[in-house]
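**Student:** My questions all concern the structure below.
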Amino acid sequence: MKKISELYTNILAFLKKRYKLILIILVVILAGGWYMQNRAKKQVTLTFVSPVREDIVSSITISGRVDAKEKARLRFAAGGKVVYLGAKEGEAVKKWQSIATIDRSALQKQMTQNLNSYMQERNSFENTKDSIKDRAIETKESRSVADEQYNLDNKVLNVEIQNIAIANTTIYSPFEGILTVAPTAVSGVQLLATDYFEVVNPKTLIFHANIDEIDIRRIEKGQSAEIVLDAYDGEKISTNISYISYTSSESTSGTVFLIEFPIDSQDISKYRIGMNGDAFIKIAEKKDVITIPLDAISEKDGKVFVNVKADNKEQKMEREIKIGLESEDNVEVIEGLSENDQVVMPQ
């Protein structure tokens with residue numbers, strides 16, 4: 001008890017010496033609390049916009065990239081040393097023009113060897129036929145003759161297969177176009193079976209993209225669209241839907257369908273294969289209608305609402321409206337607003 005009494009006495013002595021400081025601290029705390037309370041009660045300034053009468057376009061936006069309908073990657077079946085180049089990267093090529101040839105000397109020697117084997121087998125077979133031409137033969141001998149015929153046929157097949165291998169030492173362009181990829185610009189280089197030449201027909205440039213299955217019913221062939229490539233932001237390419245795939249595929253967003261848009265340009269040096277961009281497909285359009293920003297509306301229980309200015313004061317009230325077409329930023333108002341109303345924008 002003595003210790004508690006001493007502690008109490010010390011606290012009272014401290015308070016008597018520091019009472020002015022304590023009063024100042026209490027005043028600051030109370031003033032700060034009053035300020036924060038009034039600040040919280042202060043009304044937030046509302047932002048208003050007026051409905052606008054304008055044209056509105058409803059569209060679907062999808063991402064895709066530049067490609068070509070006629071595009072071919074050409075490879076040698078087993079690789080080899082390049083002995084001839086018919087074109088270099090960036091050059092124009094004609095249909096069936098030879099692009100490159102690899103060394104065929106080993107294959108030609110193999111062909112000579114196969115032809116010699118064929119002639120030996122044929123001579124042997126002819127001798128057998130001559131020996132049995134004017135007499136009857138037993139079943140065992142008949143089977144032996146059939147085996148020689150099979151051997152002769154196999155030698156013929158070997159020659160034909162070798163001829164195909166020699167023909168495959170040259171690759172040709174399957175159509176007129178531009179050689180866009182070449183693994184070498186000089187001969188004498190050893191190519192692997194994975195190395196390839198690529199030919200693109202610039203007359204068949206397209207933009208292809210995937211559309212969600214939920215939107216597939218809203219589009220059809222011939223529907224107009226605009227393409228904006230990332231490399232040329234702001235430049236619009238007018239086009240239309242030229243192809244809609246009949247089978248779906250899976251993507252990270254779900255089930256999608258491939259659609260294509262032709263690019264009316266042969267400038268492959270500008271619209272390069274693989275360039276990314278967006279396609280804007282026009283679904284519907286209305287002229288001279290009342291619109292408000294899409295961000296101003298909210299939905300509850302299947303109904304659409306906006307907040308409007310109330311009684312010409314800095315207050316708001318909720319009002320139900322009916323909407324029509326939606327663009328990327330705005331929405332058509334069919335009923336519930338006039339151009340004289342003030343719509344509250346969300347903070």
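The values are calculated or read from the model by the stated rules, or taken from the named source; none is laboratory data. This structure is a prediction, so every number in the text was calculated from the model and none was measured. Here the Cβ positions follow ideal geometry from the backbone for every residue, glycine too, while neighbour counts run over all protein chains shown.
**Student:** Step by step: first the residues of the stretch 300-314, then only those that are touching a Leu at 6+ places or on another chain (Cβ under 8 Å) and either surrounded by fewer than 18 Cβ atoms within 10 Å (Cβ to Cβ) or under 13 Å from VAL52 (Cα atoms) (or both), then the one that is modelled with the lowest pLDDT. Which residue is that?
**Tutor:** GLU314
**Student:** Is one or more of the residues making up the stretch 202-221 in contact (Cβ under 8 Å) with a residue 12 or more places away in the chain and more than 30 Å from GLY254 (Cβ to Cβ)?
**Tutor:** Yes - at least one qualifying residue is present in the stretch 202-221.
**Student:** Kindly evaluate GLU320 against the criterion of being in contact with a Gly (Cβ under 8 Å, 6 or more places away or on another chain) and farther than 26 Å from THR61 by Cα.
**Tutor:** yes
**Student:** Kindly indicate which of ILE56, ILE22, ILE60, ILE29 is at pLDDT 90 or above, over 30 Å from GLN266 (Cα atoms) and either in the same structural domain as ILE216 (by TED's automatic domain parsing) or of a type outside the set (Asp, Glu) (or both).
**Tutor:** Just a single option satisfies the conditions, and that option is ILE56.
**Student:** Of everything in the stretch 177-224, what is under 30 Å from TRP96 (Cβ atoms) and of a type in the set (Asp, Glu)? Give them in sequence order.
**Tutor:** Scanning the stretch 177-224 gives ASP195, GLU198.
**Student:** Of the residues in the stretch 158-184, how many are in contact (Cβ under 8 Å) with a residue 12 or more places away in the chain and either touching a helix residue (DSSP H, G or I) at 6+ places or on another chain (Cβ under 7 Å) or not in a loop (DSSP other than H, G, I, E, B) (or both)?
**Tutor:** 15
**Student:** Run LYS41 past the list (1) of a type outside the set (Gly, Ala, Ser); (2) under 30 Å from ASP195 (Cβ atoms); (3) at pLDDT below 85 and report the number of the one that doesn't hold.
**Tutor:** LYS41 satisfies every listed condition except (2).
**Student:** Starting from residues that are in a loop (DSSP other than H, G, I, E, B) and among the hydrophobic types (A, V, I, L, M, F, W, C), keep the ones in the stretch 125-142 and report whichever is surrounded by the fewest Cβ atoms within 10 Å (Cβ to Cβ).
**Tutor:** Out of the qualifying residues, it is ALA136.
**Student:** If ASN330 satisfies all but one of (1) of a type in the set (S, T, N, Q); (2) under 16 Å from ILE56 (Cβ atoms); (3) at pLDDT below 90, what's the number of the condition it fails?
**Tutor:** (3)
**Student:** Continuing with this model, one more query. Being farther than 18 Å from ASN201 by Cα and part of a loop (DSSP other than H, G, I, E, B) is the filter here, so list the residues in the stretch 76-114 that pass it.
**Tutor:** PHE76, ALA77, ALA78, GLY79, ASP103, ARG104
**Student:** Identify, please: which residue in the stretch 233-245 is over 15 Å from ASP264 (Cα atoms) and modelled with pLDDT under 95 and is, among those, surrounded by the most Cβ atoms within 10 Å (Cβ to Cβ)?
**Tutor:** Taking the candidates together, the pick is ASP233.
**Student:** So GLU285 fits all but one of (1) of a type in the set (D, E, K, R); (2) loosely packed, with under 12 Cβ neighbours inside 10 Å; (3) assigned to a strand (DSSP E or B); what number is the exception?
**Tutor:** (2)
**Student:** Moving on. Before we move on, is ARG122 outside any loop (DSSP other than H, G, I, E, B), among the basic types (Lys, Arg) and either touching a residue at least 40 places away in the same chain (Cβ under 8 Å) or touching a strand residue (DSSP E or B) at 6+ places or on another chain (Cβ under 8 Å) (or both)?
**Tutor:** When the stated conditions are applied, ARG122 does not pass them.
**Student:** Follow-up. Among what's in the stretch 188-232 and is in a loop (DSSP other than H, G, I, E, B) and charged (D, E, K, R), pick the residue that is surrounded by the most Cβ atoms within 10 Å (Cβ to Cβ).
**Tutor:** In this case the residue turns out to be ASP195.
**Student:** Looking at (1) under 24 Å from ILE62 (Cα atoms); (2) not in a loop (DSSP other than H, G, I, E, B), which is the only condition SER265 fails?
**Tutor:** (2)
Conditions tested, residue by residue: (1) more than 35 Å from the chain's Cα centre (by Cα); (2) within 30 Å of ALA279 (Cα to Cα); (3) modelled with pLDDT under 95.
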residue: ASP147; (1), (2), (3): yes, no, yes
residue: ILE161; (1), (2), (3): yes, no, yes
residue: SER173; (1), (2), (3): no, no, no
residue: GLN190; (1), (2), (3): no, no, yes
residue: VAL200; (1), (2), (3): no, yes, no
residue: LEU205; (1), (2), (3): no, yes, no
residue: ILE214; (1), (2), (3): no, yes, yes
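**Student:** Right, something else. Among the residues of the stretch 298-312, are any free of Cβ contacts under 8 Å to residues at least 60 places away in the same chain, under 30 Å from LYS71 (Cβ atoms) and either assigned to a strand (DSSP E or B) or more than 16 Å from the chain's Cα centre (by Cα) (or both)?
**Tutor:** no
**Student:** Scan the stretch 239-262 for residues that are over 19 Å from LYS69 (Cβ atoms) and either in contact with a Leu (Cβ under 6 Å, 6 or more places away or on another chain) or not in a loop (DSSP other than H, G, I, E, B) (or both) and jot them down.
**Tutor:** Within the stretch 239-262, GLU250, SER251, GLY254, THR255, VAL256 qualify.
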